[in-house]
Every structure is written in C-alpha cells, then in structure tokens.
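The structure under discussion appears below in the form of structure tokens.
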Amino acid sequence: THVIRAVATDIAGKTAERSVSIDFTRTPPPPDTVGPSITNVRIDSVALTEGATLTRGGMVEFLAVDRSGVSSNELLVDGQVIGRANGASASAIPLSLDAIEDGPHVLVLRGRDSLNNLSTLTIPFNLAHAPPLAPMFDAPATGLVTREPRIEVSGRAQAGSTVRFLVNGQAVEG
C-alpha cells in the first residue's frame, strides 16, 4: 500500500492536505502463445475471398499483426512456398500463376512472430487462366499491296506466349 499526499500552502504559511491510499500490483502480461493475426488479404487491391476465381497472378497484399512483433510472412500455393516477406505487418508478395494448371488450388498465408509463434490463413481458390493479350503487328501495315512473294512480319506478344502465323486461315512456317 502506498499513500499519496498533496499539501497546499498559502502566503501566510497555512497548510491543508489530503491523502489517498492506493495499491499497486504488477501482474505480468499473459504469455504470447499465438501467431500473428492475418487479415485484409487482397490481390492487386481486390479482396481475395474463399472460392474466388483468379485468371492471372498479381501482388498479394495483407496485414499480419502481433503484439510481440511480426518476424516473417510466407505465401504458399498448394503447399509450395511462392514468396516471403520479413518483419513487416503490411506485406506484399508477388504471386505468379503461370506454371500452375487451371482448377482448384489452396493459397496459404503463414505468419511468424518474434517469439516463433506460427499462424496460418487458408484461402481455397479456382484458377482459370485468361487468354494472352492479342499479338500486335509492327509490320506489315494493314492494307499493304506488294508483288513480292515473301514479306517480313514483325510484332510483339505477351511474354511467355507463343505466336503462330496464318494466312487466309492456313498455317505458315516462318
């Protein structure tokens, strides 16, 4: 028990006082045995919900919060670690789905705190790859008229895609 006393003194030296008794107890906080809380999962700023259909990869963003501090976060797809982020509560990990087949999959976010407590958040999703963007022609220009039996064709296509050339619906070797 402790007593706190306040004494007021006026100009003439007269005093008045008041006191209060208080008890201090020092109870340690309960031990931290739980991993980080993982929330606000988004892919390219769009909420990622259970059963969502993804058509391509993107940046997976999420919050991992723990009173002991977050030491690391991991992103897994079908049990395979895809990426990691260290020591930040707001994390962003790139997710490439290029090598993953269409169909049902499981995304797992794993958070570890500074005391090595682990937590996971599991989000089942479906993958239905979007077709690649249409190729762009640099040459020949639309409407080209020529007497040459061969022409040069050049252009650009989405990275990772293959391009076939057809003339009037027939495949052309080049």
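Of all the listed residues (ALA88, ALA92), the sole one being surrounded by fewer than 18 Cβ atoms within 10 Å (Cβ to Cβ), within 10 Å of the chain's Cα centre (by Cα) and of a type outside the set (Val, Ile, Thr) is ALA92. The set of residues in segment 133-163 that are polar (S, T, N, Q) and either assigned to a strand (DSSP E or B) or within 29 Å of ILE100 (Cα to Cα) (or both) comprises SER154, GLN158, SER161, THR162.
Here VAL60 fulfils each of the conditions (1) loosely packed, with under 13 Cβ neighbours inside 10 Å; (2) closer than 30 Å to GLY160 by Cβ; (3) free of Cβ contacts under 8 Å to residues at least 60 places away in the same chain apart from (1).
Inspect all residues belonging to segment 92-110 and state whether any of them is in a loop (DSSP other than H, G, I, E, B) and either in contact with a Ser or Thr (Cβ under 7 Å, 6 or more places away or on another chain) or farther than 30 Å from HIS129 by Cα (or both). No, that holds for no residue. Listed by first and then second residue, the pairs with beta-carbon distance under 9 Å, at least 6 apart or on different chains, first residue in segment 12-36 and within 30 Å of LEU115 (Cβ to Cβ), second at pLDDT below 90 and surrounded by 10 or more Cβ atoms within 10 Å (Cβ to Cβ), are PRO36/SER89. Only a single item in (1) open to solvent by less than 70 Å² (accessible area, probe 1.4 Å); (2) at pLDDT 95 or above; (3) of a type in the set (A, V, I, L, M) is not met by LEU118, and it is number (1).
Does segment 98-109 contain at least one residue that is out of contact with any strand residue (DSSP E or B) (no Cβ under 9 Å at 6 or more places or on another chain) and either more than 30 Å from PRO30 (Cβ to Cβ) or loosely packed, with under 11 Cβ neighbours inside 10 Å (or both)?
yes
Scoring LEU166 on the criteria (1) assigned to a strand (DSSP E or B); (2) open to solvent by less than 70 Å² (accessible area, probe 1.4 Å) leaves a single failure, condition (2).
The values are calculated or read from the model by the stated rules, or taken from the named source; none is laboratory data. Given the structure is predicted, the values throughout are model-derived calculations rather than measurements. Here the Cβ is made from the backbone with ideal geometry for all residues, glycine too, and neighbour counts use every protein chain on show. Just so you know, the surface numbers come from the protein's heavy atoms only, side chains and all, with ligands and any DNA or RNA stripped out. Shrake-Rupley method; radii C 1.70, N 1.55, O 1.52, S 1.80 Å.
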